[in-house]
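**Student:** Structure in structure tokens, see below.
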Amino acid sequence: MTYTPTKSLTVEEFLQRYGGDPRYELINGELRDLEPTGPHETVAGKLGGYWFSAFLGMGDRQSWIIPKNCLIQPSAAQATALRPNVIALDSDALGKGLLREREPVITSGQAVRLVAEVVSINWQDDYARKVDEYLLLGIPEYWIVDFRGLGGLEFIGRPKQITVTVCQLRGDSYEKRLFRLGDRIISNSLPGLDLTLQNLLP
């Protein structure tokens with residue numbers, strides 16, 4: 001992910017110009033070019049597939065869906081429209097006012113069950129800014145899939161290595177748990193999930 005030099009954009013301007021283009025998102029008025037690479041998209045695609053298989057095996061998750069393209073516009077942020085790499089929504093909770101009709105934009109965290117970011121060059125967004133935004137939205141579970149070990153030492157430890165960080169909502173903060181190669185990834189939202197980091201690698 002790279003910074004694209006531009007004047008500060010409002011959410012409406014962003015939606016008009018880039019809303020339908022999955023390559024871009026907006027953070028604090030700054031346009032981000034997600035620059036999706038083959039390996040990055042492979043990891044995101046695999047993760048979505050494992051999540052969806054887990055939904056099918058759980059009777060109470062039958063209304064959960066994984067949209068192909070979706071933006072999250074936190075109501076507290078004036079110029080931010082996030083585009084998660086993978087997102088799971090409860091279609092039963094997508095009531096009036098939660099999902100805009102003209103664009104696939106979520107304006108409330110009420111329908112979001114899981115969200116994941118596959119780490120790219122600008123890893124700071126995934127480990128810091130988006131943690132804050134998803135926490136404010138009350139999203140129960142946020143995954144940070146760092147399949148190249150790009151994150152800072154304070155986030156993935158020393159020595160740096162490929163890591164999946166699962167952030168579970170506990171009160172008003174996220175409890176973070178790191179998973180490495182060989183670990184079975186534990187998800188409170190998907191207790192029946194059978195997944196390791198090796199399964200996601202490109």
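**Student:** Explain nothing, just compute: Karplus ³J(HN,Hα) = 6.51 cos²θ - 1.76 cosθ + 1.60, θ = phi - 60°, for every residue of region 166-171 in order, whole Hz, x for Gly and Pro.
**Tutor:** 9, 9, 9, 5, 10, x
**Student:** Also: Which lysines have a Cα lying under 23 Å from the Cα of Lys68, excluding residues fewer than 8 positions away in the same chain?
**Tutor:** Lys46, Lys96, Lys130
**Student:** Then there is this: Enumerate the amide H contacts of Leu71 below 5 Å, restricted to partners 5 or more residues apart or on another chain; note that Pro and chain-start residues carry no placed amide H.
**Tutor:** Val105, Ile106
**Student:** Within straight cross-link reach of Lys160, meaning Cα distance under 17 Å, which aspartates and glutamates are found once same-chain residues fewer than 8 apart are removed?
**Tutor:** Straight-distance partners of Lys160: Asp126, Asp146, Asp183.
**Student:** Same structure again: Hey, got the dipole for the chain? About the Cα centre, +1 on K and R Cβ, -1 on D and E Cβ, debye to the nearest 20?
**Tutor:** The dipole magnitude comes to about 300 debye.
**Student:** Next up: Rounded, prolate or oblate: which fits region 140-192, taking a ≥ b ≥ c as square roots of the Cα gyration tensor eigenvalues, rounded meaning a/c under 1.5, else prolate when a/b beats b/c?
**Tutor:** On the way: a/c = 2.57, a/b = 1.44, b/c = 1.79.
Since a/c reaches 1.5 but b/c is at least a/b, the shape of region 140-192 is classed as oblate.
**Student:** Can you list residues whose amide H is under 5 Å from Arg113's amide H, if they're 5+ apart or on another chain and H is modeled 1.01 Å from N?
**Tutor:** Under 5 Å from the amide H of Arg113: Ala88, Leu89, Asp90.
**Student:** Right, here's the next one. Where in region 138-161 does the label zone of Gln124 land, with the point 7 angstrom along Cα→C-beta and an amide N cut-off under 16 Å?
**Tutor:** 150-155
**Student:** Still on this structure: Which whole-Hz ³J(HN,Hα) couplings does region 18-24 yield from phi under the Karplus relation 6.51 cos²θ - 1.76 cosθ + 1.60, θ = phi - 60°, glycine and proline marked x?
**Tutor:** Once rounded to whole Hz, the list reads 10, x, x, 9, x, 7, 10.
**Student:** Can you give the local net charge around Thr163? Use residues other than it whose beta-carbon is closer than 11 angstrom to its beta-carbon, Lys and Arg +1, Asp and Glu -1.
**Tutor:** Once all neighbours under 11 Å are counted, the net charge is +3.
**Student:** Right, something else. Hey, could you get me the Stokes-Einstein D for the chain, Kirkwood radius over alpha-carbon pairs, 10 °C and 1.306 mPa s, rounded to whole µm² s⁻¹?
**Tutor:** D, rounded to a whole number, is 93 µm²/s.
**Student:** Looking at the chain as a GNM with Cα springs under 10 Å, which of Arg23, Arg184, Arg158 has the largest mean-square fluctuation?
**Tutor:** Arg158
**Student:** Applying the Karplus parametrisation 6.51 cos²θ - 1.76 cosθ + 1.60 with θ = phi - 60° to the phi angles of region 48-56, what ³J(HN,Hα) value in whole Hz is obtained for each residue in order, glycine and proline being reported as x?
**Tutor:** My calculation for region 48-56 gives x, x, 5, 4, 5, 4, 5, 4, 4 Hz in order.
**Student:** Taking the Cα of Arg180, stepping 7 Å toward and past its beta carbon, and measuring to each backbone N in region 40-60: which are under 17 Å?
**Tutor:** none
**Student:** Please list, in chain and number order, the residues 5+ apart from Trp64 or on another chain whose amide H is under 5 Å from its amide H, with Hs placed from the backbone.
**Tutor:** Amide H neighbours of Trp64: Ser91.
Bear in mind that the values in this text are calculations on the coordinates, not laboratory data. In this text the structure is predicted, and so the values were computed from the model without any measurement. Every residue, glycine among them, receives a Cβ derived from its backbone with ideal geometry; neighbour counts consider all protein chains shown.
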